[in-house]
Structure formats: structure tokens, C-alpha cells
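Below you'll find the structure, written out as C-alpha cells, and then a few comments.
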Amino acid sequence: MRITDMLVTPVAVYDPPLRNSTGVHQPFALRTIVQLFTDDGLSGVGETYGGRRTLEQLETVKPQIIGSDPWRWERLRSLFPPHIASPIECACLDIIGKATNRPVCEVLGGRVRDGVEFSAYLFFKYQGDDPRDDWGEVMTPDAMVEEAKRMVREHGFKTLKLKGGVLPPDEEIETLRLLRQAFPEHKLRIDPNAIWTVETSIRVAKAIEPLNMEYLEDPTEGQEGMAAVRKETPIPLSTNMCVTAWEHIAEAFRLGSVD
């Protein structure tokens, strides 16, 4: 089996004016879909970041992909940076799954659970001017509770994650208190994207300790800052900002930065 073609398709998905610690989301989220085709008539699909640079990089590596064996995806993965290798790897695994009539999880060693629970992702937001945005403005603690109620009502979420670092910290503390009142049995998380100082992070953590938080994600910047916060709160800390590569893990353990 050999790869005979690779089709790269840019996609723009409408995104309402969601707030985060650095400002507001752009009106479209850009992604790139990669499709691989084989001489056996099979095809596989992968996905990665969007944007012109990603498109250009994928087109550049296309000659190295054509003629390759999709079963040797590890070799392909070693040739390119992760954001380029990832969609190619996924597409190859998709092809292998179809060739063997097995789901990809079986190709990778077998499933360990029958389902994966998702959390509601609660964003403060501006009023959008697109007719598809019927959520309205969400820039107060009370409005956020209404957003959460709609998400739970329509989708059945049992975990609520608040994208913080937008309103003043005391208002986000109040938001979490109101969410806990409205959802006494739900898991609660908050992620301010490392916008708070260590001192503010500790103050917020102490204020929300009674709310039985599942975890606090990236309250402050860097592993040393996270470790300083961790020493002052029993709330578990998580990250996708200060531990993002294999070489960061040892230091995270040494400092006690994250749980």
C-alpha cells in the first residue's frame, strides 16, 4: 500500500466574540484538514492548525508523503515538526484502521473506556453582531450562570470550566460562588491563562477553597510561580502552559508546580 495523493483544505469556523486574558477571539477559528489517499482506494483524515504558514508547510512536505507507506507513519512523523506531523500521523492511522477493519483505538493498543466526558467551557463574551450568535452578552457573574444553565440544559455537562482572567478577580470569585450555588453537584474548574500574579493567585485560591474546586488551571506564569501558589492551597493545580514538552516534566516534579 502506498500513498498516492494528499489533499490540504483550509477551513474557517465562525467564532463569537469570546473573551480571554489577552483580549477577544477573532471572528473565525482557522483549521486545516489533511486527507491522504492510497493505491488501495482507501483514504484517511487528519487535522491541524490553520493559517497560511501551515498550508505552505504542508504543501512543501507533500513530495515526501507521496509514495510513502502509511503503515510506516512513525518514520513520517520523525521528519516534520509536530503541527505538520500530527495530521499526517492521524490520517495514516485512519487508513490503517480501515485496512484492518478496526477502530484506531484498537490499532493503538485497545480502548480502556467506552466514553470520554467533556466539560462545558464557559467564556465571558461580548454581544456578537452575527445572527448565528444567539447567546447574548455575558460580562457579569449572573450572565455567566445563565450561560452555564443553557449549556447544561442543552448538552448535559456535569463539569463546568470557567475561562477566567477577564473580569477583576473578585468578580470571577463571585462567578464561581454563583455557579456552585446553581450547580451544587457539578465539578468546577477555572483557567485564567496565567494572567494573575502569585499574590493574586493565592488570594483567589483561598477564596474559592470552600467551593470544592476540581482544579485551578494556570493561575500564574511559569513553573516557579505555580509552585509558589501550590504551596499555599490544597486545590490541585493543572497546566497546559508551563509544562508543554518532555524536558519540562522533571522540573515540574522537582518544584512541585502542578498536580
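The values are calculated or read from the model by the stated rules, or taken from the named source; none is laboratory data. It should be emphasised that the depicted structure is a prediction, and the values quoted were computed from it without experimental measurement. FYI the Cβ positions are ideal-geometry reconstructions off the backbone, even for glycines, and counts take in every protein chain you see. Note: areas computed on protein heavy atoms with side chains; ligands, DNA, RNA excluded. Shrake-Rupley method; radii C 1.70, N 1.55, O 1.52, S 1.80 Å.
What's the extension gain from Arg102 to Tyr121 if we count 0.36 nm per residue and subtract their Cα-Cα distance?
Answer, rounded to one decimal: 3.6 nm.
Rounded to the nearest 0.05, what FRET efficiency do Glu146 and Arg52 have when you use their Cβ-Cβ distance and R0 = 30 Å? Spell out each step's value before the answer.
Working: r = 39 Å, r/R0 = 1.28.
E(calc), rounded to 0.05, equals 0.20.
Can you give the calculated 222 nm mean residue ellipticity of the chain, where each DSSP H run of n ≥ 4 adds -39,500 (n - 2.57) and the sum is split over every residue, rounded to the nearest 500 deg cm²/dmol?
Details: 9 runs with 101 residues, N = 259.
Mean residue ellipticity, 222 nm, calculated: -12000 deg cm²/dmol.
Report the accessible area of Tyr49, computed with a 1.4 Å probe over the heavy atoms of all protein chains in place, in Å² rounded to the nearest 10.
140 Å²
For Gln26 and Glu171, what is the calculated FRET efficiency with R₀ set at 41 Å and r taken between the beta-carbons, to the nearest 0.05? Walk me through the numbers on the way to the answer.
Working: r = 25 Å, r/R0 = 0.61.
Plugging the Cβ-Cβ distance into 1/(1 + (r/R0)^6) gives 0.95.
Can you give me the angle between helix 82-100 and the longest principal axis of the chain, using Cα atoms only, in degrees from 0 to 90, rounded to the nearest 10?
For helix 82-100, the angle is close to 60 degrees.
Using r as the Cβ-Cβ distance of Ala207 and Leu7, and R0 as 41 Å, what FRET efficiency do you calculate, to the nearest 0.05? Could the numbers behind the result be given before it?
Values: r = 52 Å, r/R0 = 1.26.
Efficiency at R0 = 41 Å is approximately 0.20.
Using the Cα centre of the chain as the reference point, and only Cβ charges (+1 on K/R, -1 on D/E), how large is the resulting charge dipole? Debye, rounded to the nearest 20. Working shown, then result.
Working: 30 positive and 40 negative charges, 108 e Å.
Dipole magnitude for the chain comes out near 520 debye.
Top mean-square fluctuation among Trp71, Trp196, Trp246, Gaussian network model of the chain, C-alpha springs under 10 Å?
Of Trp71, Trp196, Trp246, the Gaussian network model singles out Trp246 as fluctuating most.
Over the chain, what is the relative contact order in percent, taking alpha-carbon pairs closer than 8 angstrom and at least six residues apart? Please list the in-between numbers first.
Working: 469 pairs, mean separation 33.8, N = 259.
Averaging sequence separation for qualifying contacts and normalising by length gives 13 percent for the chain.
For the Cα atoms of the chain, what angle does the longest principal axis make with the long axis of helix 169-182, in degrees from 0 to 90, nearest 10?
Approximately 80 degrees, to the nearest ten.
What is the Cα coordinate range of segment 1-150 on the first, second and third principal axes, sorted by size from largest, in whole angstrom?
Extents along the principal axes, in whole Å: 57, 38, 26.
I want the antiparallel fraction of DSSP beta bridges within the chain, as a percent rounded to 5. All intermediate terms of the calculation are to be shown ahead of the outcome.
Working: 22 of 35 bridges.
Of the beta bridges lying entirely in the chain, close to 65 percent run antiparallel.
Taking square-rooted eigenvalues a ≥ b ≥ c of the alpha carbon gyration tensor, is segment 104-251 rounded, prolate or oblate, where a/c under 1.5 means rounded and, failing that, a/b exceeding b/c means prolate? Working shown, then result.
Details: a/c = 1.66, a/b = 1.09, b/c = 1.53.
Oblate shape, in that a/c is at least 1.5 and b/c is the bigger or equal ratio.
What residue among Phe183, Pro168, Ala194 has its Cα farthest toward the positive end of the dipole of segment 156-198, where the charges are +1 on Lys, Arg and -1 on Asp, Glu, each on the Cβ?
Sorting the options by dipole projection puts first Phe183.
About the Cα centre, and with charges only on the beta carbon of Lys, Arg (+1) and Asp, Glu (-1), how big is the dipole of segment 1-149? Nearest 20 debye, please.
On the way: 16 positive and 22 negative charges, 128 e Å.
It comes to approximately 620 debye.
For Asp5, Asp130, Asp191, write out the residues from largest to smallest accessible area, computed with a 1.4 angstrom probe and no ligands counted.
Of Asp5, Asp130, Asp191, the descending order of accessible area is Asp5, Asp130, Asp191.
At a probe size of 1.4 Å, how large is the accessible area of Cys242, to the nearest 10 Å²?
That residue has around 20 Å² of solvent-accessible surface.
Once Rh for the chain is found with the Kirkwood sum over Cα pairs, what is the Stokes-Einstein diffusion coefficient at 4 °C and 1.567 mPa s, in µm²/s?
On the way: Rh = 21.0 Å.
D, rounded to a whole number, is 62 µm²/s.
Given a 1.4 Å probe and the protein chains all in place, what does the accessible area of Thr244 round to, in Å² to the nearest 10?
Taking all protein chains as shown, Thr244 has close to 90 Å².
Would you mind classifying segment 87-177 by shape? Square roots of the alpha carbon gyration tensor eigenvalues, ordered a ≥ b ≥ c; an a/c under 1.5 is rounded, otherwise it is prolate if a/b is larger than b/c and oblate if not.
On the way: a/c = 2.96, a/b = 2.37, b/c = 1.25.
Taking the square roots of the gyration eigenvalues as a ≥ b ≥ c, segment 87-177 is prolate.
Sticking with the crude label model, points 7 Å out along Cα→Cβ, report the distance from Ile66 to Arg113 in nm, one decimal please.
The two pseudo-label positions are separated by 4.3 nm.
Would you rank Tyr121, Tyr14 by solvent-accessible area, highest first, keeping every protein chain in place and using a 1.4 Å probe?
Working: Tyr121 85, Tyr14 55 Å².
Ranked from most to least accessible, the order is Tyr121, Tyr14.
Only Cα pairs within less than 10 Å get springs; with that Gaussian network setup on the chain, which residue of Lys149, Lys62, Lys125 has the largest fluctuation?
For the chain, modelled as a Gaussian network with Cα springs under 10 Å, the answer is Lys62.
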